[in-house]
Structures are given as C-alpha cells and as structure tokens.
Amino acid sequence: MSQKSRKLLQAIGEIDDYLVEAAAPAKQKRRIRPFARWAYGIAACLVAAVSIGIVQRQFTGSISVSSSSVQSSISSEQPEHSGVQSSGSSSDSTPPKPPSGELPAVTPWQAYVRGGAGGGEVYMVNDISELKDAMPWTEDAELESLPVFHNVYASTVGWTEEQRNRRGLPLLEGKKTSAEEMEALARSIAEDLGATVEAVKVTSSREDALPTRVILSCSGDIVITANNTLGARIEFKTPVSLPEGYRFDDGASFEELTAAGEYLMEEYAGLFHMARPTLNIYGGARNSHQKQVFSCYVYEGEGDLTQRMINYHFNTVRFSPDSEGNLWLIDFTRFDLSDKLGDYPIYTVEEAKQRLAEGHYTASGPNFPDGAGIAKVELIYRGYGEITIMPYYRFYAELPRELWEQPLNGEPMKTYGAYYVPAVRDEYINRRNAD
C-alpha cells in the first residue's frame, strides 16, 4: 500500500494492519496500477470503517431487523465515494421498524468515509471490451426486484450525540465478533488446508480493547488471519510456485490467468465449500506500461440469478500472486447479510439511463459529460462500507480528452468514467439526502 493511502487511513483513526493490507493488493510484493490507486485508499477506509466503527456521512432511512436473509458470506471490492452531506437528525438508540408489510425507505451513498481520496474511478483501455468479468447479470435479464440489507457491523458509537444529531445518524452499536469466533474460523481454514496450528495471537483495538483479529502461525510457513467481520486470509510466507507453463503475475493475459485460475481452483478446491465454484477473472484496465491487469476470484455459481448476483459480490475467494508470479495470498470475507430489509422493486436499464441523464447519480471522477454515450452497464452491489447494502447500476461513459487526458508512455488511451445510479425505485428512496 502506498504511503499516501496509509496516511489517509491513519487520519481517520487507529487502523488494524491486516485491514489495511486486505484493502490493497499484496503489499510490496505487487505493483499497484495507477488507475486504481485512488480506489485502494477508499477501499481501505471502507474495510477499516466496518471493522472499527468509523461512521457514514449520512443516514435517514429506517432500519428494520428481519429474520429473513439471503445465505451468503463473502464480499468483493468495489470503489466507493460520497460527497453528499446530511442534514437530518436522529438519536434513537434503536432504529424504528416499518409497519408490517411495508418496505423501509433507504438512503443511498451511505459510505463510511470522512473524505474522499484524490483522483476518480476511471478505466484506461484501448476499448471498453478489454474490461472482463464473469458477472452473472446481463442487460437482457428480467429482474423486477433485488434484496437490500442493513449492514449489521455498522457502528456510530464513536460519535458524540451532538455529532450524530448534526449528521442525522442513529445510535448503532454494530455487531461484535468474539475472539473465539474468529479463532474457530481460522482453525477451520487451517484444517481444510491440512496445516497444524503452532501459535495463536489475538490483537485488539486501541479504542475499546475489543478483539479485531486472531492470527494463527501454522506449519508449512503459513499464517492464517481472521478478522472481526469474519473475513480471513491465508498468507504463504514462502509463496507457492505454480507448475511450469502457468503464468500468474500481474502481467499475465486474460487467457493465461484463466488457465492459472483453473489450476488453483482444482488445487485448493477443499477451501471453497461451494456447490458450483465459478472462476471470475476480473479487471483489464491498463497500467502505466499499457499492460492489462486482472484479478483472480472464485464465487459460488449455484442458485437462481438473484442468488448468483449475491454470491458474485458476497461469496468469493481471491487468489493473489507475489511479484514473481507465485501464489502468496488467499482471501476470504465472510460478511453477515442476515439483516435483510426486503426485496425492493428496481428500475430497468433504460429507466436508470434516464435517471443518469437527469443527474441522479454519484461519481468520484468528472461529472457525467453532456450527451455522452453509455459504453457498458452493470447491475452491482456496492461494497460493504455502507449502512445500507443495496444494488446500483454502474454506467461506463467515455470521457472527453479535455476532462481526463492521462497518456500512458506518451500514447493517449480511451478513458471511461464510472457513474452509479441507485437501482431501487425512487419511491423507496429517502430523497432528503440522496442527490
């Protein structure tokens, strides 16, 4: 992680080293591509916020506790940004439940960030088709609703009552995870890996002395860490080489990384606990050397389209290499989505495009260019650094050179900005702070 990103994290409070590292690609052993530097700083803030209680900028929607849930566990990385300020007020210790049968209003842009990182979410490529993923959703999918969740880890106890009232925040304590739960998770992974636990270490937050992670030192020069959102990491202190013929470094092509990913899926199949492990080679934007860079994920491909969409974002395993193309890290995130607010009606793609044109979007880069065409659209869930975890349409639009000209090695590339429109229909959105 860059020194700039570490300073940003330190500015918002004491951050656990594991959480800092988890938000960035392999520290020191991997190169961070320029287009994504901004995103790693924000992602680190989001991971840290969920785990140590940094609060969001705004909250005005009701939160209900529901026994219904979508069974899922693991979260992916998505960039977040919010520039909307809150003007509401609330100091209730328990968020009110909506009347029976009604869906509570939700407020978008509920990021836990006290400020934004510089730059913006932009992708530099020769053509938009270079961006790859194995996302189950396509534009011809006919979905009328999608689930929305309350982030059970969200906590506002770090703010005074006056600060919460000024920002319109309720008092949320957030879910606490015990050291025993974290250790049990880490030990289960060690057992799946066939590693013997040799030492156990528990670290706690400086703020409230609650455990934040459990670290197991294991045989085979392996370290397994579980954190307080029940995410986990396997670190091979001596990275594992792949057989001759496989390429797994940052410069690997889509086809090369696909072959390496298929090998790793087979080699570490016992770690997944998935009915239908599905490979997701994600990325493709170009770095300063004009090389495409991809990441290697596996997600649960079982279930109907809605379930597969949830799994794509919240039930994944990630393989990461060191700079030599050896397997260095395997990351799991077991995020709790048990507090489901309901299944919310959503806009169609065409309706969302109209809302984008009307200015109902958020973006970390330049404003949506007038008359810009849409090169690509995705229906995604934003990251778990928000109080309300909800779906968004992500639109990619080519930016005019005068808005964002960043030549790579002297050769200008096409640059696409990302623009997020809430997929949930407007009648279920609390408009007071949404735009």
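Below is a table of values for the structure above.
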quantity	calculated
Residue match in the range 198-220 (condition: open to solvent by less than 70 Å² (accessible area, probe 1.4 Å), in a helix (DSSP H, G or I) and not basic (Lys, Arg))	no
Test: Ala199 is of a type in the set (A, V, I, L, M), out of contact with any His (no Cβ under 9 Å at 6 or more places or on another chain) and free of Cβ contacts under 8 Å to residues at least 24 places away in the same chain	yes
Which numbered condition Ala232 misses (of (1) among the aliphatic types (A, V, I, L, M); (2) within 22 Å of the chain's Cα centre (by Cα); (3) open to solvent by 40 Å² or more (accessible area, probe 1.4 Å))	(3)
Pairs, first closer than 13 Å to Asn228 by Cβ and modelled with pLDDT under 85 in the range 203-217, second of a type in the set (A, V, I, L, M, F, W, C) and assigned to a loop (DSSP other than H, G, I, E, B), C-beta under 9 Å, six or more apart	Asp208/Val157
Residue match in the range 360-369 (condition: open to solvent by less than 30 Å² (accessible area, probe 1.4 Å), closer than 30 Å to Glu191 by Cβ and at pLDDT below 95)	no
Residue check, Asn165 surrounded by fewer than 17 Cβ atoms within 10 Å (Cβ to Cβ) and under 30 Å from Glu427 (Cβ atoms)	yes
Residue match in the range 363-380 (condition: farther than 30 Å from Met265 by Cα, of a type outside the set (Lys, Arg), without any contact (Cβ under 8 Å) to a residue 40 or more places away in the chain and in a strand (DSSP E or B))	yes
Number of positions in the range 253-300 that are farther than 19 Å from Leu131 by Cα and not small (Gly, Ala, Ser)	14
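The values are calculated or read from the model by the stated rules, or taken from the named source; none is laboratory data. All values derive from a computational prediction rather than experimental measurement. Every residue, glycine as well, gets a Cβ built from its backbone with ideal geometry; the counts of neighbours run over all protein chains shown. Accessible surface is based on the protein model in full, side chains and every heavy atom, while ligands, DNA and RNA are left aside. Shrake-Rupley method; radii C 1.70, N 1.55, O 1.52, S 1.80 Å.
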